Amino acid sequence: MTDHGHDHDHDHPHEAITADERPGYYEIMETAVRELLVERKLFGADEIRRQIEVLDSRTPTLGAKVVARAWMDPAYKERLLENGRTACEELGITFYDDTQLIVLENTADVHNLIVCTLCSCYPRPVLGLPPDWYKLKPYRARAVHEPRAVLEEFGTHIPDDVEIRVSDSTAVIRYLVLPLRPAGTEALSEDELADLVTRDAMIGVIPVSYEKEAA
Amino acid sequence: MGSELLVKKLPNDIGGESAGKIERVEHELLPWEKRCHALADVLDFHKIINTEEKRRGVEALGSEMVGKLTYYERWIAAFANILFQKGILTPGELAVKMEEVERRWLASQQSAS
C-alpha cells in the first residue's frame, strides 16, 4: 500500500499566490497565534522577520564550503569530525538552535546516510530546510531497514563490500555526511570543489561526481 | 497483529516499516509556511515550545490528522494545542483572533476594490 495521504500536498500544484487570495484556515491560524503571542509580549514581531531572514540565508552552499575545506585541510577535517558544530562555527556558520552536529565521513569501506525516522530533523544551520521527500514516509520508513534499495532509487549503487551506516537524527543531534572526494579533482581550488558538493551528497543519497570539462 | 503494537509504536515511529517508492518531491515553502517555520524556531529560542514538544504535539494530533493535514498545517495545529495545554492561550481567544484576522482580510479586499 502506498502512503497517499495528504503528505503529498506538494503533488498538486499550488495556486498562484497573490495578495488578494483568501488565506486558508491554517494560514489564518498561524497569523492569529503569532499575533496573540506578540501581544502577550512573549516575543517581538521583529524576531519572526529576523528568523525568516536567517532561514533564507541557510542553503547547502554552507555545507559545501565545510566539505571542501575538509577535503583540502586534513587538520580541519580532524576538527570537523571531532566536533561538527564548532568546526562549522570556525567558518562563520552560526548555529541558531541548540543542536549538535556530528559529521560522518564516507570512506572506501563505509557509506553514510542520514534520516529522521520520527519526523524531519535535519542539519538546518548548514543545509537549510530539508526537501519534502526527506520528510515523507517512504524515505523515513525504509532508509533504516533497506538502505541499499533506497539508494538504488536515487541511482546510487553501493557495492556489497561497502558497509552502509544509517544515522537517525534527533531533536538535539543532527548529522551531515562528508562525502568522498571524487577522483581527478586534485588540481581544483577549494571554491571549485565546493561547487561540486550537492545537498543530496551531504544527506548521503548520492555521491559527489566530477566530470572534467572538455577543453 | 495485537493491539499492544499501538502502545509500543506511536504514529511517528515509522522507521523500519514498509512503504512505497521514494518520489523525489520538493516544493518552495509558501510565505505562510515559512512564517510558521520561523514561528517554530522563535518558540524554541524562548523555551515556549521546543523541538521535541513540537514533534510530540504533532503525534498527539492522531493518525487521521497526521495523514490529512500538510506538514505546516500539522505544526500550527500542534502549536495551538500545546499553547492551550500550557495555559498560554485559550481556544476561545484563538477563535476570536482568527475571526479578527479574517475580517481584516475581508476589509482589506473591500478597501482595495
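The numbers here are math on the coordinates, done by the rules we state, and not lab data. Bear in mind that the values here come from a model prediction, so they are computed numbers and not experimental data. Note: ideal-geometry Cβ built from the backbone for every residue, glycine included; neighbour counts use all protein chains shown.
Would you mind counting up the charge near residue A:80? Only other residues with Cβ under 13 Å from its Cβ, with Lys and Arg at +1 and Asp and Glu at -1.
Working: positive: A:65, A:69, A:77, A:79, A:85; negative: A:73, A:78, A:82, A:89, A:90, A:105.
That sum, taken over residues with Cβ under 13 Å, equals -1.
Let me confirm one metric for peptide A:122-130, namely the mean number of other chain beta-carbon atoms within 10 Å of its residues' beta-carbons. Could the numbers behind the result be given before it?
Details: counts 0, 0, 2, 0, 0, 0, 0, 6, 1.
Averaged over the peptide's residues, the number is 1.
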Under the rule of at least 5 residues apart or a separate chain, name every residue whose amide H is placed under 5 Å from the amide H of residue A:173.
A:100
Looking at the square roots a ≥ b ≥ c of the eigenvalues of the Cα gyration tensor of the protein assembly as shown, which shape do they give, rounded for a/c under 1.5, prolate if a/b is larger than b/c, or oblate?
prolate
Which ³J(HN,Hα) values in Hz, rounded to whole numbers, follow from the phi angles of segment A:183-198 under the Karplus curve 6.51 cos²θ - 1.76 cosθ + 1.60, where θ = phi - 60° and Gly and Pro get x?
5, x, 9, 4, 8, 6, 7, 4, 5, 5, 5, 4, 5, 7, 8, 9
Can you pull the one-decimal nm distance between simple spin-label points at residue B:104 and residue A:206, each 7 Å off the Cα toward Cβ?
4.3
In peptide A:42-51, how many Cβ atoms from other protein chains are near each Cβ within 10 Å, on average?
4
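Let me have the 222 nm mean residue ellipticity of the protein assembly as shown computed from DSSP H runs of 4+ only, each contributing -39500 (n - 2.57), with the sum over all residues rounded to the nearest 500.
Numbers: 17 runs with 162 residues, N = 328.
That comes out to -14000 deg cm²/dmol.
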How tilted is helix A:60-72 with respect to the longest principal axis of chain A? Cα atoms for both, answer in degrees (0 to 90, nearest 10).
20
Relative to the first principal axis of the alpha-carbon coordinates of chain A, what is the inclination of helix A:25-39, with its axis defined by its Cα atoms, in degrees from 0 to 90 and to the nearest 10?
80
List the cysteines of the protein assembly as shown that have no other Cys Cβ closer than 4.7 Å: which are they?
A:88, A:119, B:36
Which cross-chain or sequence-distant (5 or more) residues have an amide H under 5 Å from the amide H of residue A:105, H modelled 1.01 Å from N in plane?
A:178
Could you work out how far the C-alpha centroid of segment B:39-95 sits from that of segment A:140-211, in angstrom?
33
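Per residue of B:96-106, what is the mean number of Cβ atoms on other protein chains within 10 angstrom of that residue's Cβ?
Mean shielding count: 5.
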Mind running the shape call on segment B:13-113? Use the C-alpha gyration tensor, a ≥ b ≥ c as the square roots of the eigenvalues: rounded below 1.5 for a/c, prolate if a/b tops b/c, oblate otherwise.
oblate
Would you mind checking which residues have amide H under 5 Å from residue B:20's amide H? H placed 1.01 Å from N; only 5 or more apart, or other chain.
A:3
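Could you compute the net charge surrounding residue A:28? Neighbours are other residues with a C-beta less than 13 Å from the C-beta of residue A:28; K and R count +1, D and E count -1.
Numbers: positive: A:22, A:34, B:35, B:97, B:103, B:104; negative: A:21, A:27, A:30, A:35, B:73, B:99, B:100, B:102.
Its environment carries a net charge of -2.
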Is the shape of segment A:58-203 rounded, prolate or oblate, going by the alpha carbon gyration tensor and its root eigenvalues a ≥ b ≥ c, with a/c under 1.5 for rounded and a/b larger than b/c for prolate?
oblate
Between 0 and 90 degrees, rounded to the nearest ten: what's the tilt of helix B:91-112 against the longest Cα principal axis of chain B?
50
What order do you get for B:80-93, B:62-75 when each peptide is scored by the mean count of other beta carbon atoms within 10 Å, highest first?
B:62-75, B:80-93
